[in-house]
Amino acid sequence: MSQVMILMGSDSDIDYMKAAVEELKSAGVSFDIHVASAHRTPHRVMKLVTEAENGDCKVIIAGAGGAAHLAGVIASHTILPVIGVPLPTLGLGGADALLATVQMPRGVPVATVGMGNSANAALLAISIIGTADERLRNWLRDYRKAFEKKILEKDAKIKQQFQ
């Protein structure tokens, strides 16, 4: 069993969720990825969540659009940290997904990242796992230093353009 399980409500969500895959791979974090719908395949969702909780999984990332109950349903059946990724949709632009993911009742928390931002979900998962893994803490430090370097390079380039 992997350290992170990624679930998405539909295969059409892969374009949003592949950024999480890329970040987890980059950090060397093992993961499983599945399509499972809280509404159309609820028994499969429960089976996957039970297997995750009984295995080595540390964090679950759930991406869904529309009513987006996937992360909440998962959180109601596990004590593992659940990170919801609300996904944009045509109908309401993703506002429904955002609200359904972030407005969880007391006692059933779901951490929520920005709409469609599965990269941040993966980084949060890495951070959570990193509380007990020095290698991942160091990886995150290096990751942030690389971002800082890029910004400083852009700053120097802009300054040069206008001098």
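Bear in mind these aren't lab numbers, they're just calculated from the coordinates by the rules spelled out. Since this is a predicted model, take the numbers as computed values, not measurements. Cβ placement follows ideal geometry from the backbone for every residue including glycine, while neighbour counts extend to all protein chains displayed.
See the values below:
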quantity: Partners for Lys47 among aspartates and glutamates (Cα-Cα distance below 16 Å; same-chain residues under 8 apart left out); calculated: Asp32, Asp56
quantity: Where trypsin sites (Lys or Arg not before Pro) in DSSP loops with at most 11 other Cβ within 10 Å are excluded, longest remaining stretch of the chain; calculated: 41-105
quantity: Rg over Rh [alpha-carbon atoms, Kirkwood Rh] for segment 4-132; calculated: 0.93
quantity: Leading residue at positive end of dipole, the chain (Cβ point charges), from Gly114, Pro81, Thr101; calculated: Gly114
quantity: Net dipole in debye of the chain [+1 Lys, Arg Cβ; -1 Asp, Glu Cβ; about Cα centre; nearest 20]; calculated: 440 debye
quantity: Amide H contacts under 5 Å for Thr112, placed H, 5+ residues apart; calculated: Gly84
quantity: Lysines whose Cα lies under 21 Å from that of Lys157, excluding same-chain neighbours fewer than 8 positions away; calculated: Lys145, Lys149
quantity: Per-selection Kirkwood Rh - segment 68-163 (Cα, Å, 1 d.p.); calculated: 15.7 Å
quantity: DSSP H segments from the chain that extend 27 Å or more along their own axis, Cα-based, with Kyte-Doolittle mean of -0.5 or above; calculated: none
